[in-house]
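Chemist: What follows is a structure written as structure tokens; I'll ask about it next.
The values are calculated or read from the model by the stated rules, or taken from the named source; none is laboratory data. Keep in mind the model is a prediction, meaning the values are calculated, not measured. Here the Cβ positions follow ideal geometry from the backbone for every residue, glycine too, while neighbour counts run over all protein chains shown.
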Amino acid sequence: MSIRQPRPKRGLAMEIALLIRQGDYRAGEWLRQIDLEHRLGANRFDVRTALAELALRGTVQHVPNRGFRVSSFDRVRLRQMLEVRVLLEVEAAVAALPYVDAAALARLRIEMLAFERAADSGTRAEQNRTNLAFHDGLYALTPNRALAEMVTELRERARLWPTALWPSAGALRQSVDGHRRIMAALEDGDAPSLADAVRAHIRNSIANDPSLEMSQAG
């Protein structure tokens with residue numbers, strides 16, 4: 001009998017989240033751990049650890065003595081958290097603007113282009129990593145370190161998924177365009193345009209809010 005090798009927790013949680021995102025498991029459906037073990041080639045401990053991470057995010061619900069089932073998305077709560085993200089991230093971006101010099105612009109452009117390459121031909125992990133690198137590269141420039149930390153913390157709390165998951169090439173292209181608008185505002189030194197670009201990027205991203213995907217499908 002072969003022994004299943006453990007997988008990194010976050011990678012396995014992302015795989016389960018993707019199965020839920022693409023409709024393999026519906027809201028309210030119970031997730032049988034043994035089925036996930038066989039489907040994903042993982043051991044029971046790692047599957048349970050990944051499900052526990054998803055439960056903390058609200059992607060699944062843990063019912064004591066029963067197991068885990070797919071959560072019904074609370075669209076109102078999710079949109080409220082996104083609005084708090086908008087407040088914090090707009091403030092962080094505008095506060096960073098005076099510190100965006102030529103060297104910083106060059107670094108941010110490199111990160112923006114890396115995300116575009118990943119959007120075209122990269123893995124989901126590469127897309128997530130390069131997306132975060134662009135945003136974190138900008139927010140790292142704000143002089144208010146507490147604000148930058150709060151941005152990162154809330155971004156993680158507001159996500160149903162362990163990583164950003166774009167359901168289509170069109171959704172990825174929307175994020176690419178959002179980065180370009182942010183970059184243009186930074187290059188122009190235009191604080192109002194920067195605030196508008198960051199605000200729109202967060203509110204309109206399907207990676208942030210799956211209910212946008214459902215409403216567009218309807």
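Chemist: Can you find a residue in the stretch 47-64 that is in the same structural domain as N204 (by TED's automatic domain parsing), within 25 Å of G137 (Cβ to Cβ) and not aromatic (F, W, Y)?
Modeler: Scanning the stretch 47-64 turns up no residue that is in the same structural domain as N204 (by TED's automatic domain parsing), within 25 Å of G137 (Cβ to Cβ) and not aromatic (F, W, Y).
Chemist: Does any residue in the stretch 84-111 that is assigned by TED's automatic domain parsing to the domain that holds E153 come within less than 8 Å, Cβ to Cβ, of a residue that is acidic (D, E) six or more places away or on a different chain, and which pairs are these?
Modeler: Close Cβ pairs (under 8 Å, with a partner that is acidic (D, E)) amount to L105/E187.
Chemist: List pairs: first residue in the stretch 44-70 and within 10 Å of I16 (Cβ to Cβ), second residue basic (K, R) and not in a loop (DSSP other than H, G, I, E, B) anywhere in the structure, Cβ distance under 7 angstrom, at least six positions apart or on different chains.
Modeler: So the pair list comes out as A50/K9; E53/K9; V60/R69.
Chemist: For the stretch 100-139, which positions are over 18 Å from the mean Cα position of the chain (by Cα) and under 19 Å from A195 (Cα atoms)?
Modeler: V100, D101, A104, L105, L108, R109
One line per residue, one yes/no per condition, for (1) closer than 17 Å to A164 by Cβ; (2) polar (S, T, N, Q); (3) surrounded by 14 or more Cβ atoms within 10 Å (Cβ to Cβ):
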{"site": "A13", "(1), (2), (3)": "yes, no, yes"}
{"site": "Q22", "(1), (2), (3)": "yes, yes, no"}
{"site": "Y25", "(1), (2), (3)": "no, no, yes"}
{"site": "L31", "(1), (2), (3)": "no, no, yes"}
{"site": "D35", "(1), (2), (3)": "no, no, no"}
{"site": "D46", "(1), (2), (3)": "no, no, yes"}
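Chemist: Answer yes or no: is there a residue in the stretch 187-195 that is of a type outside the set (A, V, I, L, M), crowded, with 18+ Cβ neighbours inside 10 Å, assigned by TED's automatic domain parsing to the domain that holds P98 and under 26 Å from Q80 (Cβ atoms).
Modeler: no
Chemist: Here is a follow-up. In the stretch 93-102, what residues are within 23 Å of E149 (Cα to Cα) and either part of a helix (DSSP H, G or I) or touching a Cys at 6+ places or on another chain (Cβ under 8 Å) (or both)?
Modeler: A93, V94, A95, A96, L97, P98, Y99 - these are the residues of the stretch 93-102 that are within 23 Å of E149 (Cα to Cα) and either part of a helix (DSSP H, G or I) or touching a Cys at 6+ places or on another chain (Cβ under 8 Å) (or both).
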